[in-house]
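Since every read-out is calculated from the coordinates, none of them should be taken as a lab result. Model, not experiment: these values are computed from the prediction. Neighbour counts are summed over all protein chains in view; Cβ atoms, including those assigned to glycine, are modelled from backbone coordinates with ideal geometry.
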Amino acid sequence: MEEKLPVIAIVVPCYNEEQALPFSVPELLGILDTIASEGLASRDSFILLCNDGSRDRTWQVIEEMHLKDKRVKGLSLAHNRGHQYVLLAGLMTARNRCDAAISIDADLQDDPKAIIEMVRLFNQGKEIVYGVRSSRASDTWFKRTTAHAFYSFQNVMGLETVYDHADYRLMSRRALDLLADYGESNLFLRGIIPQIGLDTAVVSYERNQRVAGESKYPLSKMLSFSIDGITSFSARPMRWIFITGLVLLAIAVLVSIYVFTSYFYSDHISAGWASIMLSIWILGSLILIAIGIVGEYIGKIFTEVKHRPRFAIRDVLWD
Ligand code: UDP
Ligand code: MG
């Protein structure tokens, strides 16, 4: 008996992409043809274009494309929520209608040909396949440097992310089901998905220029995205306050010894110097330690309120 081929969904977030879609959709349809004709995926595979409350004609363009080719599906948010949220909306909509979903930006800066390799790896049993940029030569120097600073800073802050991977990835239905258990409102998918676990793989590709239109991620949005990522995943900055307090307390002890010896053995110290020095050092470090302790508790609250799943079950053998 012939094995059933998987239905693949390509989920595309679109914000003001009326110029890019006429280029990218035919290319993605071509990829669907390729994976179907190579026997990697079902002919029922589809593209889900997710409109993020665009202000231009993006939604009309999506409607027209849907009428022309039923493999093009559409979803429209009621307002602009941002890339991460519209992507989640798309993945959750596709989840019960596909065997695996691949998310890719509408501008096709991430080489769509990598989809073929992703699907191949999925067919070999990989549940999450990360697209990783092997080169960013086509990005401006500024974009490249800020993006790399962004990845390094996240790692320093204790975030487990995949280096140079944006949101171009394949997720199996099981991975999508596990993702659905994360109910947090501050969404940072690149931090959540590595936490899911499962069998993963990486496909690398070269990043291209935008096919049309311009970037919807200016520096201000990148910065707030980065801060969101760190504050949604790491309580490490609070731990640092606590440690700084302890280090300062150790220094304060040394300073106190110095102050006392000067006080008793030196005859030219100004009045009030000793008491001010002691107060500044000892009180300063005690205050930092106190803030750090409060921070440790807030860190606990922070992880509790997220109600993240405490475990993810991959398989159960019964009977
Ligand atoms: N996007 C979105 N909502 C937004 C901003 C961007 O859905 O509020 C989409 C956009 O249409 C594109 C993807 O997110 O498909 C990535 O945006 P862009 O290519 O502008 O970012 P860059 O590649 O420059 O970082
Ligand atoms: Mg882009």
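What is the calculated FRET efficiency for S279 to T244, with r their C-beta to C-beta distance and R₀ = 30 Å, to the nearest 0.05?
Values: r = 19 Å, r/R0 = 0.62.
In this case the efficiency is close to 0.95.
What is the distance in Å between the Cα centres of region 16-33 and region 62-84?
12
Distance between Cα centroids, region 198-254 to region 156-176: provide it in whole Å.
Each part reduced to its Cα centre gives a spacing of 14 Å.
Mind pulling the angle between the C-alpha long axis of helix 141-156 and the longest principal axis of the chain? Nearest 10 degrees, somewhere in 0 to 90.
60
Which percent of the Cα-Cα distances in the chain go past 27 Å?
53
Taking 35 Å as R0, compute the FRET efficiency from the Cβ-Cβ separation of I251 and T231 and round it to 0.05. Numbers along the way, then the final one.
Numbers: r = 29 Å, r/R0 = 0.84.
Rounded to the nearest 0.05, the efficiency is 0.75.
Under a point-charge model restricted to the Cβ atoms of Lys and Arg (+1) and Asp and Glu (-1), what is the dipole moment magnitude of region 95-207 relative to its Cα centre, in debye to the nearest 20? Don't skip to the end; give the middle numbers.
Working: 14 positive and 16 negative charges, 29 e Å.
That gives a dipole near 140 debye.
How large is the dipole of region 1-110 about the Cα centre if only Lys and Arg carry +1 and Asp and Glu carry -1, each at its Cβ, rounded to the nearest 20 debye? If you can, show how the numbers build up before the last one.
Working: 11 positive and 17 negative charges, 92 e Å.
Dipole magnitude for region 1-110 comes out near 440 debye.
Compute the long axis of helix 219-233 from its Cα atoms, compare it with the longest principal axis of the Cα atoms of the chain, and write down the angle in degrees, 0 to 90, nearest 10.
Helix 219-233 sits roughly 70 degrees off the main axis of the chain.
Quick one: helix 21-37 against the long Cα principal axis of the chain, what's the angle to the nearest 10°, folded into 0 to 90?
Rounded to the nearest ten degrees, it is 70.
For the chain, with the dipole built from +1 on Lys and Arg beta-carbon atoms and -1 on Asp and Glu ones, taken about the Cα centre, which of G53, N123, L246 lies farthest toward the positive end?
Towards the positive end, the residue furthest out is L246.
So what are region 117-193's ellipsoid semi-axes, whole angstrom, largest first, if each one is the square root of 5 times an eigenvalue of the alpha-carbon gyration tensor? Intermediate values should be presented prior to the final figure.
Working: eigenvalues 121, 67, 18 Å².
One finds semi-axes of 25, 18, 9 Å for region 117-193.
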